[in-house]
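K.L.:
Okay, handing you the structure first.
What follows draws every value from the coordinates through simple rules; no lab data is involved. Keep in mind the model is a prediction, meaning the values are calculated, not measured. Cβ sites come from the backbone with ideal geometry, for glycine too, and all protein chains shown count toward neighbours.
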Amino acid sequence: MTSSFDPAALAGWRQTGIVALLCLGVFAFKAGEGTLARYKFGLNVTESLPHWAFVTDRRDREVGRGDLVEFVAPDTPYYPAGQHFVKRVAGTAGDVIERRGDRVWVAGKDVGRVKPTDSLGRPAAPGPVGVIPAGSLFVVGDNPDSLDSRYALIGLIPASRVVGQAEPIL
């Protein structure tokens, strides 16, 4: 039995393999592109929540009380413009926000205290009271010192500022 080496046949297989790998790479990239368009990874650098890493699902869906949401915060003197926050939804459209002394109640649940000053002693104006309008959310952090809807600087979050529903991963 004799065997012969045919360089032309090997070159043909090599070209076919390269084309197949390129096609597979393009397919994987396009599949990943859809995933990257839908999901976003984020870090929490404050103590407002017990988790420090989140994946946000940017799919347009309704969020409810208790869900974590990522949103673009209003401009504040504490954070750069366009800062993204992750907070827990405490109230949705139609829920009533009340202030009883220094405590804030949303939908009949105590969501925390409003402090008269920030950590540097500057006045901290309390957030809104009344019925949450359609298209708005009242959000809170798990930490009692969280800058959230209890304060006028954050207030109610319009749905247009919501990036998506967040899930803690670490």
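K.L.:
Of everything in region 120-137, what is under 13 Å from Pro77 (Cα atoms) and either among the charged types (D, E, K, R) or out of contact with any strand residue (DSSP E or B) (no Cβ under 7 Å at 6 or more places or on another chain) (or both)? Give them in sequence order. Quick ask: steps written out before the conclusion?
P.N.:
First, pick out the residues of region 120-137 that are under 13 Å from Pro77 (Cα atoms): 120, 122-124.
Once the filter is applied, which keeps residues that are under 13 Å from Pro77 (Cα atoms) and either among the charged types (D, E, K, R) or out of contact with any strand residue (DSSP E or B) (no Cβ under 7 Å at 6 or more places or on another chain) (or both), region 120-137 yields Leu120, Arg122.
K.L.:
Among the residues of region 74-96, are any farther than 17 Å from Asn143 by Cα, touching a helix residue (DSSP H, G or I) at 6+ places or on another chain (Cβ under 7 Å) and touching a residue at least 60 places away in the same chain (Cβ under 8 Å)?
P.N.:
No, region 74-96 contains no residue that is farther than 17 Å from Asn143 by Cα, touching a helix residue (DSSP H, G or I) at 6+ places or on another chain (Cβ under 7 Å) and touching a residue at least 60 places away in the same chain (Cβ under 8 Å).
K.L.:
Still on this model: Mind checking which residues of region 119-170 are without any contact (Cβ under 8 Å) to a residue 24 or more places away in the chain and under 17 Å from Glu47 (Cβ atoms)?
P.N.:
Leu120
K.L.:
Among the strands (runs of 3 or more DSSP E) lying completely within region 52-116, list those that include at least 1 residues that are surrounded by 14 or more Cβ atoms within 10 Å (Cβ to Cβ) and acidic (Asp, Glu).
P.N.:
On the way: elements: 53-57, 68-72, 84-91, 96-100, 103-106, 109-113.
Per the criteria, 53-57, 68-72.
K.L.:
In region 133-170, what residues are within 15 Å of Gly66 (Cα to Cα), part of a loop (DSSP other than H, G, I, E, B) and out of contact with any Asp or Glu (no Cβ under 7 Å at 6 or more places or on another chain)?
P.N.:
Across region 133-170, the qualifying residues are Asp142, Asp148, Ser149.
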